[in-house]
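The values are calculated or read from the model by the stated rules, or taken from the named source; none is laboratory data. Being a predicted model, the structure only gives us computed values, none of them experimental. Cβ coordinates were reconstructed from backbone atoms using ideal geometry, including for glycine residues, and neighbour counts include every protein chain displayed. Only protein heavy atoms, including side chains, enter the accessible area calculation; ligands, DNA and RNA are left aside. Shrake-Rupley method; radii C 1.70, N 1.55, O 1.52, S 1.80 Å.
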Amino acid sequence: DERVGKSGIRKVLFVAPPDADETMFDCPTARRGRYWNYPPYGVGVLATQLRERGIEVQIVNLNDAVLRGAAAAKTEEDFDFAAVTRDAVVSVIDDFEPDFVGVTCMFSQTHQSTIDTCEMLRDVMPDTALALGGVHISNSFLGPQTRDAFVADFPRVDFLFVYESEVSFL
């Protein structure tokens, strides 16, 4: 399909990390339905544009997966944060087999969760291109000190996208 372009990328997986990393997550709070769960709007916009170009797209919202996992666990001890996030990603990767993976990070509080997600993705898919974008990434590039610290936290990411990337991502 000539619409796919020179890259040869036919399948893109977008991943939204949990809004909190495992050390910040409180299972009882989740089980009471007291955590927020916003849809990953930015990757939704990108997904629409990619689909219009003939590229298949899947979106995995790991925050949603974690909240559903906590709610479904019979007890707090039965809930395994890391297993839930890994299983949610691996099941999609096994079925979808993406050529490219993009991770979004909206909030500074999600920084460690995003690091954990990128590391897990790189471990599961060592040879697949991995990109990172979102508001937190853009804000981290406002000054050299925050930029350098940010880049040092993501040594296994291949591409970084700042600001709205509807054009640059494509």
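Only residues in the stretch 54-72 that are closer than 19 Å to THR104 by Cβ count as the first member; pair them with residues that are at pLDDT 95 or above and of a type in the set (S, T, N, Q), Cβ under 7 angstrom, at least 6 apart or cross-chain, and list the lot.
Pairs found: LEU62/THR85; LEU62/THR117; ALA65/THR85; VAL66/THR85.
Going by what's in this entry, would LEU160 be described as more than 17 Å from PRO40 (Cβ to Cβ) and touching a helix residue (DSSP H, G or I) at 6+ places or on another chain (Cβ under 8 Å)?
On the way: more than 17 Å from PRO40 (Cβ to Cβ): yes; touching a helix residue (DSSP H, G or I) at 6+ places or on another chain (Cβ under 8 Å): yes.
When the stated conditions are applied, LEU160 passes them.
Listed residues VAL103, VAL60; which is within 16 Å of ASP19 (Cβ to Cβ) and touching a Cys at 6+ places or on another chain (Cβ under 7 Å)? Before you say what the answer is, go through the steps one by one.
On the way: VAL60 fails: touching a Cys at 6+ places or on another chain (Cβ under 7 Å).
Only one candidate qualifies: VAL103.
For the stretch 25-42, how many residues meet the condition of being more than 19 Å from ARG68 (Cβ to Cβ) and either surrounded by 17 or more Cβ atoms within 10 Å (Cβ to Cβ) or among the acidic types (Asp, Glu) (or both)? Show your work before the answer.
So the first thing to find is which residues in the stretch 25-42 are more than 19 Å from ARG68 (Cβ to Cβ), and the list is 41-42.
Narrowing the set further to residues that are either surrounded by 17 or more Cβ atoms within 10 Å (Cβ to Cβ) or among the acidic types (Asp, Glu) (or both) leaves 42.
Going through the stretch 25-42 one residue at a time, the tally reaches 1.
How about the stretch 154-170: which of its residues are in a loop (DSSP other than H, G, I, E, B), open to solvent by 30 Å² or more (accessible area, probe 1.4 Å) and either among the charged types (D, E, K, R) or touching a residue at least 24 places away in the same chain (Cβ under 8 Å) (or both)? So that I can check it myself, show each step before the final result.
So the first thing to find is which residues in the stretch 154-170 are in a loop (DSSP other than H, G, I, E, B), and the list is 154-158, 162-165, 170.
Now restrict to residues that are open to solvent by 30 Å² or more (accessible area, probe 1.4 Å): 155-156, 158, 162-164, 170.
Once the filter is applied, which keeps residues that are in a loop (DSSP other than H, G, I, E, B), open to solvent by 30 Å² or more (accessible area, probe 1.4 Å) and either among the charged types (D, E, K, R) or touching a residue at least 24 places away in the same chain (Cβ under 8 Å) (or both), the stretch 154-170 yields ARG156, ASP158, VAL162, TYR163, GLU164, LEU170.
Looking at the stretch 115-153, which of the residues that are modelled with pLDDT of 95 or more, of a type outside the set (A, V, I, L, M) and within 13 Å of the chain's Cα centre (by Cα) is surrounded by the most Cβ atoms within 10 Å (Cβ to Cβ)?
The selected residue is THR117.
Restrict the check to the stretch 116-127 and report whether at least one residue is within 20 Å of ALA83 (Cα to Cα) and polar (S, T, N, Q).
Taking the stretch 116-127 first, the residues within 20 Å of ALA83 (Cα to Cα) are 116-126.
In the following step, the residues that additionally are polar (S, T, N, Q) were identified as 117.
Within the stretch 116-127 (the criterion being within 20 Å of ALA83 (Cα to Cα) and polar (S, T, N, Q)), the answer is yes, since at least one residue qualifies.
Anything in the stretch 78-114 that is of a type in the set (Gly, Ala, Ser), over 26 Å from THR29 (Cα atoms) and under 11 Å from the mean Cα position of the chain (by Cα)? List them, or say none. It would help to see each step written out before you state the result.
Taking the stretch 78-114 first, the residues of a type in the set (Gly, Ala, Ser) are 82-83, 88, 91, 102, 108, 113.
Now restrict to residues that are over 26 Å from THR29 (Cα atoms): 91, 102.
Matches in the stretch 78-114: GLY102 only.
If we keep just the residues of the stretch 55-77 that are under 17 Å from the mean Cα position of the chain (by Cα) and of a type in the set (A, V, I, L, M), which is most open to solvent (accessible area, probe 1.4 Å)?
Restricting to residues being under 17 Å from the mean Cα position of the chain (by Cα) and of a type in the set (A, V, I, L, M), the top hit is ILE59.
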